[in-house]
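The block underneath contains the structure these notes are about, expressed in structure tokens.
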Amino acid sequence: MQPGTQKMTKLLEPYAAIAADSAAASSAPASADMLDARAQECLILNLDAALRVHSRPHFFSWTQGLLQSLLRHEVLLCALRSSEPLALSVDSFAMNAPDPAIFSDTFLSDAPVAPGLVKTWEERRHRPVVGALGDFGVLGAGSFARELNHADATNIVAHGTHDSDGAVVSFFVFACAPGGDAQKQSYLAQLIVPFLHAAWMRARMYGRIRSEAPKPARAGTVTTRELEILRWIYLGKSNFEIGAILSISPLTVKNHVQKILRKLDVVNRAQAVGKALELRILVP
């Protein structure tokens, strides 16, 4: 093993121990050795990025951006238990779906799905539930499964957090395209979900605080020219390239970008794209 890989493995040991403990019943115990040096570096980058999430746009940008390089998914559902044992509030995130809310709506309205997945997770001693929806009987036959099928996301990786009594606190479902390495996905879910939970709680908490504060300029004030520039930013173009395309100077593009950041109340271009997609100002 190369020195860099050994160092990364050492950093991962506390998390690997937790995951290995939880996966004791599997035929091949979880280990940081399952991840090559590149995947280990990607994991560290994602854990660091999770600590920087403090709003819903940040959460969207992270989960639909950098996190995709570690655990590729088409749809992410985030469920939080409310006061009653199995009463969940759910939100969904997807980069390419016309209306991501359809997944959270059907997750709750398709009666067997949420309680069925949570029960399966609890019966597995709180280890991730991984597999094709069709493998879970009635879970693969309702409206939730049909919506995921439309998104080519018929495999799921589901994992959550629990309280001291073993009752679910939060539950996350990664809906993925078929063909992933189930054991690796399970291991990664065990490493990621505690950070995902903490990031989601911060995003919700700061969202409430911000909703009580004076409202910034509405995102709807984005002009036609600014929207045009946003589209080119989404496609990865630099200020110089955008200027050449639109026949304006890079400095003019930069001024437009600064206005976009202020109007969307974000701090960088990636967050601007994430918030614009979330608000449906920008359509993929």
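Excluding residues on the same chain fewer than 8 positions from residue 184, give the aspartates and glutamates whose Cα lies under 13 Å from its Cα.
Partners found: 33, 36.
What percentages make up the Cα-Cα pair-distance distribution of the range 137-208 when the bins are 10 Å wide from 0?
17, 39, 36, 9
Per residue and in cubic angstrom, what volume does the convex hull of the Cα atoms of the range 219-278 have?
68 Å³
Multiplying the sequence separation of residue 279 and residue 125 by 0.36 nm and subtracting their Cα-Cα distance, what value in nm do you get? Don't skip to the answer; put the middle values down first.
Values: separation 154, 0.36 × 154 = 55.44 nm, distance 3.81 nm.
Gain in length upon complete extension: 51.6 nm.
What distance in nm separates the two pseudo spin-label positions at residue 204 and residue 36, each 7 Å out from Cα along the beta-carbon direction?
My value for the distance between the label points is 3.8 nm.
Straight-line reach from residue 263: which aspartates and glutamates have Cα under 19 Å away, leaving out those fewer than 8 places along the same chain?
In chain and number order, the partners are 212, 226, 228, 278.
Could you give the length gained on full extension between residue 227 and residue 267, defined as 0.36 nm per residue of separation minus the Cα-Cα distance, in nm?
Between residue 227 and residue 267, full extension yields 12.7 nm more.
Can you spot the aspartates and glutamates whose alpha carbon is less than 13 Å from residue 275's alpha carbon? Ignore those fewer than 8 places along the same chain.
265
Just so you know, all these numbers are worked out from the coordinates, no wet-lab data involved. Since we're looking at a predicted model, the values are computed, not measured. Backbone-built Cβ (ideal geometry, glycine too); neighbour counts: all protein chains shown.
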